[in-house]
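Working notes for the structure below.
Values quoted throughout were computed directly from the atomic coordinates according to the rules given, and no laboratory measurement underlies them. A quick note: this is a predicted structure, and the numbers were derived from the prediction, not measured. Don't worry about glycine lacking a Cβ; one is built from the backbone with ideal geometry, like all the others, and counts go over all protein chains shown.
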Amino acid sequence: MAAESDIEPLNQEAISQVLRVYFEDEIAEMLQEPWLLGAIRAQNERTNGLTEAEIIDLDQEWRAQVGEQDHPMVDAVVEGPVAEHLLHKIARAGGVIAEIFVMDAQGLNVAAAAPTSDYWQGDEAKFQKSFGAGKDGMEIGEIEFDASIGISQAQVSATIVDPATGEPIGAVTVGVVADLLL
């Protein structure tokens with residue numbers, strides 16, 4: 001496995017380009033799948049009228065459930081057909097994808113391959129710089145070395161657009177293992 005210094009010679013612009021191409025080649029098509037679009041549309045109908053205070057309450061409830069044995073809110077996101085599709089995408093990626101999660105128009109988790117630390121991504125750059133930037137929005141995060149698992153990873157986030165309306169309906173974040181891609 002590559003050490004952190006193995007990827008330093010590449011400049012951020014070159015790294016971003018490699019990550020962008022990988023995302024476009026390996027992830028973008030999935031964002032138009034009916035199973036994904038339907039799940040996002042359905043959740044948007046449920047969460048559209050939530051206030052920020054209600055969203056924060058949901059986020060706190062999620063955080064309290066993560067790591068507990070009883071976690072119905074977390075289960076609703078990491079179990080079911082959409083989460084299964086995300087897990088299959090990770091399995092087919094040959095180790096290059098470490099995580100995938102999908103957010104609605106509020107930045108709330110719709111589905112995830114594994115639990116995230118929080119439920120509301122809407123207050124984070126990954127959502128604000130993708131969904132918040134409109135239909136072509138994309139955020140490519142810095143590569144970060146995770147000493148606990150010995151890999152370098154970057155998160156790529158992009159807006160998900162409803163092909164029926166041309167309007168943004170959500171966003172996706174994909175954790176790409178830089179050691180394997182670069």
Open item on the list: Running a GNM on the chain with Cα contacts under 10 Å, which residue among ALA105, ALA64, ALA83 ends up with the highest mean-square fluctuation?
Closed with: ALA64
TODO: Add +1 for every Lys or Arg and -1 for every Asp or Glu among the other residues with Cβ under 10 Å from the Cβ of THR173, and state the total.
DONE: -2
Open item on the list: Please compute the modelled spin-label separation between ARG46 and ASP123, points set 7 Å along Cα→Cβ, answer in nm with one decimal.
Closed with: 2.2 nm
TODO: Go through 122-131, 22-31 and give me the packing order, highest mean Cβ count within 10 Å leading.
DONE: 122-131, 22-31
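Grab the DSSP H runs of the chain that are 4 residues or longer, score each as -39,500 (n - 2.57), total them, divide by all residues and round the 222 nm result to the nearest 500 deg cm²/dmol.
Numbers: 7 runs with 70 residues, N = 182.
Using -39500 (n - 2.57) per qualifying helix, the result is -11500 deg cm²/dmol.
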Task: Cβ charges +1 (Lys, Arg) and -1 (Asp, Glu), total dipole of the chain, debye - done: 420 debye
- [ ] Please give, to one decimal in nm, the separation of the simple spin-label points placed at GLN17 and ALA91, each 7 Å out from Cα toward the Cβ.
- [x] 3.6 nm
Open item on the list: Quick check: the distance between the Cα centres of the stretch 52-98 and the stretch 107-182, to the nearest angstrom?
Closed with: 14 Å
Open item on the list: Could you check the spin-label model distance between GLU167 and GLU24? Points 7 Å from the Cα along Cα→Cβ, value in nm.
Closed with: 2.8 nm
